[in-house]
Amino acid sequence: MSGAVIVRGAIHAALSGDADLAALVQQVSDGAPLKASAPWLQLDDSAATGWGARGVDGIALRQPIRLTLRGDDGARAEAVVARVEVVLAGMASEAGGWRITSLRLDRARIVRGRAGWRVTLDYDVRAARLG
């Protein structure tokens, strides 16, 4: 299976399996949710490229994670973002024959609209194939 799909799945599993995050959002979806009540997190479209070094086969993945919130609760947006950072920092480094060698927040976009907040966190991930 593609390294990008495996790494994306590992990120989704880590986020959706965290009880503290589940207390802050209604759902964590892989892609746009078919039906959801705010607040929710979704993994947006990822982009992967080849990466590696001598003897290392790997991928570089850009994985956006979007939070959608209704209303004026900026403190809740901060709490969700902080929890996402904790969960991803503590996730397992190996998944499906791949080792995540780095996972870091590259940038965050925060949009405050009439109906609520939209926060997008872009994570850069590098992973090497094991074996």
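Remarks
- Test: residue in segment 52-60 that is surrounded by 12 or more Cβ atoms within 10 Å (Cβ to Cβ), more than 22 Å from VAL5 (Cβ to Cβ), modelled with pLDDT of 90 or more and aliphatic (A, V, I, L, M): no
- ASP18 vs. criteria closer than 16 Å to THR68 by Cβ and among the acidic types (Asp, Glu): no
- Single condition GLY17 does not satisfy, out of (1) free of Cβ contacts under 8 Å to residues at least 24 places away in the same chain; (2) more than 16 Å from the chain's Cα centre (by Cα): (2)
- Of the residues examined, ARG107 is not one that is of a type in the set (Lys, Arg), more than 18 Å from ALA127 (Cα to Cα) and at pLDDT below 95.
- Checked against (1) buried (at least 18 other Cβ atoms within 10 Å of the Cβ); (2) under 16 Å from the mean Cα position of the chain (by Cα); (3) closer than 27 Å to GLY71 by Cα; (4) not small (Gly, Ala, Ser), LEU105 passes all but condition (1).
- Qualifying residue in segment 111-122 (condition: in a strand (DSSP E or B), in contact (Cβ under 8 Å) with a residue 24 or more places away in the chain and farther than 19 Å from ALA77 by Cβ): no
- Among the candidates ARG70, ARG126, ARG112, ARG83, residue that is over 18 Å from SER2 (Cβ atoms) and under 14 Å from the mean Cα position of the chain (by Cα): ARG83
The values are calculated or read from the model by the stated rules, or taken from the named source; none is laboratory data. Keep in mind it's a predicted model, so treat the numbers as computed, not measured. All Cβ positions, glycine included, derive from the backbone under ideal geometry; neighbour counts span all protein chains shown.
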